[in-house]
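Input: a single structure, listed below in structure tokens.
Each value in this text was obtained by applying a stated rule to the coordinates, not by laboratory testing. Values in this document were obtained by computation on a predicted structure and should not be read as measured data. When we count neighbours, we look across all protein chains shown, and the Cβ atoms used for this are built from the backbone with ideal geometry, even at glycine.
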């Protein structure tokens, strides 16, 4: 029995230490301390027996018995420590438990010191010359004072542990599987008391126990066994928590909790699995990328909460209609992708994309209002359109950009799209270089009155980079706007124009500057422009700021506030390309406008187009009734000029008078006049 108990406790100690090293759970530490005490106690029994059987030398054998009895002192420290780790204690009980822990350390140290100097007080006297049975070598012959004190303290600590575990379990304050520990404590108490009882009442006439049974060793072994069962519960709980944490992490990493569909990580994970399967069986894979048109404007106009609700309703609609056809993922703020469930032909994918676009025709109802959105789709077929993740995404973004040129439509990926996108990237890089090397200059085109005298000149940006791929302003300015580098150009234009006014133009005539959408929507731009003009000693009245009508309509609220501030600073305001888009005459009364510029489309159709003649006539009548000056642009012939002059047009602009030219040529021409 002793050998079995010894092997079991050593095995439990090794497992407990290994478990702690793997999990770093503090709840395992009391188990290690108590198991260490058990190992020392039972190993003392075992070693003493083996040594005495082999050598018949009693003194050394009895030394191991002293080690055994001292090992039980670890229980005076381990039990309060176990209570601290296992239970959630009230403050009063916590103080009591800490006191017992401190007392256990003090008593253990005192008993250890006494035993060092007087071991007989612990194990009693024995006569080494009298041979004893090997089983009796491990028996305490008489209950001595220190042994009695140790036994009373151990029993008291065990009873305390039983009480505190029962109380905490009943009061629902346990954070530990206490039922098995309570059973273990009862077993240890029973075998400890039975051991003391057998020593006290079943000794022979010579002081030895007639029949030896390893009471306390068995009790300790059973205590460790039941405590190990409790530890197993902890480990199972720990493993369950790890599984839950892993599942939660998987859900957070791969799932969009807001919309209830997989996110970008989930898509990448599934895409890799599909691509691996594709390589093995040679099947194709189809992806349909979806990007909501102008979603940022929805957030800015109606708020992000409305935007979020639209996304939720959109997701529900797409899942209801197309979940049997493809798996839906959210790969960005307003970016989605369908991974088709089976290999599809180009015709099937085009049909699917058309159905998705059609599904957006019904508005999304939110809080009594209806919101209509559109989307641009891009179709990718694998492995034709990419063999790796980066290539797939690059091609997807290229085809989506192509679709967004029109919006509310789809495009199928082709190699030409990539070539065109690469060309645009190359041109943008050239433009960045041109900005950094100052390869831009200002040209000016005059605006004249009916007598062909210059009233003001429009400043126009020209790039001097000789690379022909850059093209003219109509090509490179939209590219710069999309690339987000218009602010650098805007600042450059202001700096160059103000320099020309200060150094060359002086007060000869006014200059108009085209406002970009970035400048128009920047709340601080009016203050910046006013301060800069003041630094250059330029009167704001000398500057006319032109805003393209479509740009103003697209940013009406912010644009109106910005124009009002610019007007307050003294700048003149002109609406450019009036009539080119879907004009709304009502806003003319709301905006601080000084000049209305009629788009060249009307000028070049007149005379001859009676409908446009009538429209131009009424635009002029309306503008003059609002005290606005009219500028018509795009004149190429004398007949056009004469017709508009007869209608009462105020000012004129076009190649008939002058092409855009460098400032020195403009000054030379009009100085002569």
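Summary of computed values
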read-out	value
Theoretical gain in end-to-end length, residue 621 to residue 155 [0.36 nm per residue, Cα-Cα removed]	156.7 nm
Point-to-point label distance, residue 106-residue 518, nm (Cα→Cβ direction, 7 Å offset)	7.8 nm
Relative contact order of the stretch 261-413, defined on C-alpha pairs under 8 angstrom at six or more residues apart (%)	29 percent
FRET efficiency, residue 316 to residue 558 (Cβ-Cβ, R0 35 Å, nearest 0.05)	0.60
Order of 527, 293 under a 10 Å beta carbon neighbour criterion, fewest first	527, 293
Rounded FRET efficiency, nearest 0.05, which uses the C-beta distance separating residue 249 from residue 21 and R0 of 25 Å	0.60
For the stretch 480-559: Kirkwood Rh in Å [reciprocal of mean 1/r, alpha carbons]	13.4 Å
Global geometry of the stretch 525-583, whether rounded, prolate or oblate, following the gyration tensor of its Cα atoms and the 1.5 cut on a/c	prolate
Tensor-based shape of the stretch 338-467 (alpha-carbon gyration tensor, a/c under 1.5 rounded, otherwise prolate or oblate)	oblate
Segment residue 301-residue 148, extension gain: residue separation times 0.36 nm, minus the distance between their alpha carbons	46.6 nm
Ranking of 618, 254 by count of other Cβ atoms within 10 Å, fewest first	618, 254
Label-point gap, in nm, between residue 503 and residue 432 - each point 7 angstrom along Cα→Cβ	2.9 nm
Efficiency of FRET from Cβ geometry, residue 569 and residue 323, R₀ 51 Å, rounded to 0.05	0.35
Length added when fully stretched, residue 532-residue 469, from 0.36 nm per residue minus Cα-Cα	19.3 nm
Protection proxy ranking, peptides 325-337, 430-442, average beta carbon neighbours within 10 Å, highest first	325-337, 430-442
Rounded, prolate or oblate (a/c below 1.5 giving rounded, otherwise prolate when a/b exceeds b/c) for the stretch 434-544 by Cα gyration tensor	oblate
Spin-label model distance (nm) - residue 116 vs residue 482, 7 Å beyond Cα toward Cβ	8.6 nm
Percent RCO, i.e. relative contact order, over the stretch 284-349, from Cα pairs under 8 Å lying at least 6 residues apart	48 percent
